[in-house]
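These notes concern the structure reproduced below.
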Amino acid sequence: MIFKSFREYLAWLYYQYLLITGIYVLEPWEKSIFSSILFSAIAMAIYTSYVFVPIHVRLALEFFSGISGVQPESTVARMT
């Protein structure tokens, strides 16, 4: 019962994808090419954001902490 409703939900999502992108009017080989290009672009965007966004966030935090005068912990003298 759960699998049937899940399968219907996935079919509904696929139908929505076809309607929103407008590829329901294309032939099957055109649909596959369009879908593969779209999903490749999405995968590249996700990978790029996973790899490069943390680096840029770290550099931005270092830059703004340098502007505000806060020293990184490694340069602060520890007194014990």
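The values are calculated or read from the model by the stated rules, or taken from the named source; none is laboratory data. Just so you know, these numbers come straight off a predicted model, no measurement behind them. The accessibility values were calculated without ligands, DNA or RNA, using every heavy atom of the protein model including side chains. Shrake-Rupley method; radii C 1.70, N 1.55, O 1.52, S 1.80 Å.
Conditions (1) open to solvent by less than 80 Å² (accessible area, probe 1.4 Å); (2) modelled with pLDDT under 90, marked per residue:
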{"residue": "PHE3", "(1), (2)": "no, yes"}
{"residue": "GLU8", "(1), (2)": "no, no"}
{"residue": "TYR17", "(1), (2)": "yes, no"}
{"residue": "GLU30", "(1), (2)": "yes, no"}
{"residue": "ILE33", "(1), (2)": "no, no"}
{"residue": "ILE37", "(1), (2)": "no, no"}
{"residue": "ILE67", "(1), (2)": "no, yes"}
**Message:** For the stretch 11-33, which positions are assigned to a helix (DSSP H, G or I) and not aliphatic (A, V, I, L, M)?
**Reply:** TRP12, TYR14, TYR15, GLN16, TYR17, THR21, TYR24, PRO28, TRP29, GLU30, LYS31, SER32
